[in-house]
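Okay, structure first, notes after.
The values are calculated or read from the model by the stated rules, or taken from the named source; none is laboratory data. All values reported here derive from a predicted model rather than from experimental measurement. When we count neighbours, we look across all protein chains shown, and the Cβ atoms used for this are built from the backbone with ideal geometry, even at glycine. These area figures cover heavy atoms from the full protein model, side chains too; ligands, DNA and RNA do not enter into them. Shrake-Rupley method; radii C 1.70, N 1.55, O 1.52, S 1.80 Å.
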Amino acid sequence: MSKWRDSIRIVRHLTVFRVWNVLLLRISFLSTRIFSRPIHLGLPASMSIEPTTACNLGCPECPSGLKQFTRPTGKLDLDLHRKLLKQIDRSVFYINYYFQGEPFLHPNFLELIKDAKRSRIYTSTSTNGHFITPEKALEIVDSGLDRIIISIDGLTQETYEQYRVHGKLSKVISASQNLVAAKRERNSHTPHLIFQFLAVKPNEHEIPQVFELASEMSIDEVRIKTAQLYDYKNGNPLMPENERYSRYKRQSDGTYKLKGNPGNHCWRMWSGSVSTWDGSIVPCCFDKDASHVLGSVQNNQFKEIWKSPVYRGFRSAVVNNRSQVDICKNCSEGTKVWA
């Protein structure tokens, strides 16, 4: 019931223009696949907006946690955010306020949510759950945030900290309890609470139990996520033994490769975009270090960037030979039509 309610909530953020825009995106994406050349109509239906690159953890496969970014650490300016919203809110009805970093380290994070809700946009975020006190949980519910993904990634401190370095599982549990309590106090169905469990070798044996814990705590949904590993060809200590939970498949020579064959197409290049904290526009969430900046909303209108020769050129590169685009080489996503 909770998942259906959440899906219905997304649909309720549609307008006539937004529906028409999604149809244009789908038609042009399917035409691109049929004719093997980039045909692009419409404006983005979804966005990821980065509140901050700062993070309190040191996760081993995350450039934010490892402090390995070449781009500067910072936080999204409220005025810049409002400027961007005005340029995208006619077509965009879903914003994920997350890219890199921990969103709740932004001192005015919930103001971003309130601004988006005033534009009738469905809002989501992802958190490591270390900063959600009972008071903050009530503020989150009152902000109108529609969905929050809580990274749990282990059911004991020993397994949890093997990936979530410097993290405390007890804080994640407390944050989750605070959110459930705040929703009950406000008699609210939002935010939709999701336990996200990143499956790695140290914690894969706990996967069945995370569903039990979620049920006991009244968490709305559980998602098991496969881990993106940078060094995977010859195996990796974090790679799950159960291949069901891995993005990579063992080959006959003992090496590993990415599962599936994504092909020369990517729905994300048609349907959405990503803005970093400083307003730089990058193709998707796999460009974590913003190595493919397609423009900046500090200098240009978003629509100009979306339709620019640079953006068209990146889409063409994906359509012509996706396997040669660096950020696509370790990507198993972006091929399914988003809805």
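On the given criteria, is Ala137 modelled with pLDDT of 95 or more, open to solvent by 10 Å² or more (accessible area, probe 1.4 Å) and part of a helix (DSSP H, G or I)?
No: the conditions fail for Ala137.
Just to verify a result, which residue in the stretch 214-225, among those that are within 23 Å of Val165 (Cα to Cα) and open to solvent by 40 Å² or more (accessible area, probe 1.4 Å), is modelled with the lowest pLDDT?
Within the stretch 214-225, the match that is modelled with the lowest pLDDT is Lys225.
Take the residues of the stretch 315-339 that are open to solvent by less than 60 Å² (accessible area, probe 1.4 Å) and farther than 30 Å from Ser7 by Cβ: which is modelled with the lowest pLDDT?
Only one residue tops the list, namely Val325.
Could you list, in sequence order, the residues of the stretch 156-211 that are closer than 20 Å to Lys225 by Cα, open to solvent by 10 Å² or more (accessible area, probe 1.4 Å) and polar (S, T, N, Q)?
Within the stretch 156-211, Thr156, Gln157, Thr159, Gln162, Gln196, Gln209 qualify.
Would you mind telling me which numbered condition in (1) in a loop (DSSP other than H, G, I, E, B); (2) surrounded by 14 or more Cβ atoms within 10 Å (Cβ to Cβ); (3) of a type outside the set (Lys, Arg) Glu241 fails?
Tallying (1) in a loop (DSSP other than H, G, I, E, B); (2) surrounded by 14 or more Cβ atoms within 10 Å (Cβ to Cβ); (3) of a type outside the set (Lys, Arg), Glu241 fails exactly one: (2).
Within the stretch 113-134, count every residue that is within 25 Å of Asn56 (Cα to Cα), part of a helix (DSSP H, G or I) and open to solvent by 10 Å² or more (accessible area, probe 1.4 Å).
Of the residues in that region, 2 qualify.
Between a residue in the stretch 165-183 that is farther than 12 Å from His130 by Cα and touching a residue at least 60 places away in the same chain (Cβ under 8 Å) and any residue that is open to solvent by 20 Å² or more (accessible area, probe 1.4 Å) and not acidic (Asp, Glu), which pairs come within a Cβ distance under 7 Å, given they are 6 or more apart or on different chains?
Val165/Pro60
Of the residues Ile132, Ile194, Ile148, Ile152, only one is in contact (Cβ under 8 Å) with a residue 40 or more places away in the chain, more than 20 Å from Ile10 (Cα to Cα) and under 16 Å from the mean Cα position of the chain (by Cα); which?
The unique qualifying residue is Ile152.
Determine the pairs where a residue that is touching a residue at least 24 places away in the same chain (Cβ under 8 Å) and within 21 Å of Ser91 (Cα to Cα), located within the stretch 297-319, has a partner that is surrounded by 14 or more Cβ atoms within 10 Å (Cβ to Cβ) and of a type in the set (Val, Ile, Thr) with Cβ atoms under 6 Å apart, the partner being 6 or more residues away or on another chain.
Filtered contacts from the stretch 297-319: Phe302/Ile88; Ile305/Ile281.
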